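To start, the structure itself, in structure tokens.
The values are calculated or read from the model by the stated rules, or taken from the named source; none is laboratory data. Quick caveat: nothing in here was measured; it's all calculated off a predicted structure. Using ideal geometry, Cβ is built from the backbone for each residue, glycine included, and neighbour counts are taken over all protein chains shown. To get the accessible areas, we keep the full protein, side chains included, count just its heavy atoms, and leave off ligands, DNA and RNA. Shrake-Rupley method; radii C 1.70, N 1.55, O 1.52, S 1.80 Å.
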Amino acid sequence: MSNDEKLFDDFGKDNEGYDRERNEAQEREREELIRRIIEEKGEGAYDEMISLLEKEDDDPEVREIVTEVLYRLGDRIASKLEKTIKEKIKRGIKNDVPLLYLIDLAGDLGLRKLVTDITKALELYDLEEAQLVIYEALAKLGVGEQFYPLLRYMLLEGEERFMFGAQVAMVLSYLDIPEIVSDLVQAIDSGDFKGEELETIKQALSNMINLHPSYKEILITLVGEDNFEKYVR
């Protein structure tokens, strides 16, 4: 077992029953683990992080920590990450979960050289939830407008809206298309979304305005200045 695997193994043992309501102590431990890997290994941790990501018995929490390490390494591992993603897509393994994490990371890191490859990866996934991760990565990379009609349908008309509406809204929020402001307002007013899902759609609208400040005027025109705060988070 490598040193990095030992760190993750200890993390898992110390946090049996770990849930998403992380308390401050658990969050500090997670942050310390990430810091130690980056400080002790730096970009040299890349291969071991990829190995951990590929482990069949790994859990989402470990994979999220791995991708956070890679994200913070940023430009230092960008070329290696591009090579890994290209190779995995070329290999053509269907529904490869580790690849999905790496595609998501590529979107966050702005690796535009991978746009063509990531678009091809859509063919490798059967589940809409996985495809939405890829759509979001493409949107973050400044492309994906060709998928707007499909995404709009999934948000406002298709049965998918009851399962993936909030996720679709977040994908749409990264596209530079003014009409999406109206789409998100329509989704909020539709009554189809409640609770956390509704709040996520409002967050998507806020995200869009943060990315494109001029869209705030579109929202005000649609809902009125007095109602503006009811549509954002």
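Roughly to the nearest percent, how much of the accessible area of the range 17-143 is carbon and sulfur, given a 1.4 Å probe?
Heavy-atom surface of the range 17-143 belonging to carbon and sulfur, 1.4 Å probe: 45 percent.
Can you give me the relative contact order of the chain as a percent, contacts being Cα pairs under 8 Å and 6 or more apart?
11 percent
If you plug each phi of the range 93-99 into the Karplus form 6.51 cos²θ - 1.76 cosθ + 1.60 with θ = phi - 60°, what whole-Hz ³J(HN,Hα) values come out, in order, with x for Gly and Pro?
3J(HN,Hα) across the range 93-99, in whole Hz: 6, 6, 6, 7, 5, x, 4.
Can you give the extra length, in nm with one decimal, that the chain gains between ASP192 and ASP47 once fully stretched, where that is 0.36 nm per residue apart less the Cα-Cα distance?
47.8 nm
For ASP176 and THR221, FRET efficiency with R0 = 25 Å and r from the beta-carbon atoms, rounded to 0.05?
With R0 = 25 Å, the Cβ-Cβ based efficiency is 0.85.
Compute the Cα gyration tensor for the range 146-232, then decide on rounded, prolate or oblate, letting a ≥ b ≥ c be the square roots of its eigenvalues: rounded whenever a/c is under 1.5, prolate when a/b is larger than b/c in the other cases, and oblate in all that remain.
Cα axes put the range 146-232 in the oblate bin.
Could you provide, to the nearest whole Å², the per residue accessible area of the range 146-232 with probe 1.4 Å?
Normalised by residue count, the accessible surface of the range 146-232 is 50 Å².
Among (i) 20.8; (ii) 19.3; (iii) 20.1, which one is Kirkwood radius over Cα pairs in Å computed from these coordinates?
It is the value labelled (ii).
Which of LYS41/LYS83; LYS88/LYS140; LYS55/LYS90; LYS140/LYS202; LYS113/LYS216; LYS94/LYS194 have a Cα-Cα distance over 25 Å?
Pairs exceeding 25 Å: LYS113/LYS216; LYS94/LYS194.
From the phi of every residue in the range 204-214, what ³J(HN,Hα) in whole Hz does the Karplus formula 6.51 cos²θ - 1.76 cosθ + 1.60 yield, where θ is phi - 60° and glycine or proline is x?
Result, ordered by residue: 4, 5, 4, 4, 5, 5, 5, 6, 9, x, 5 Hz.
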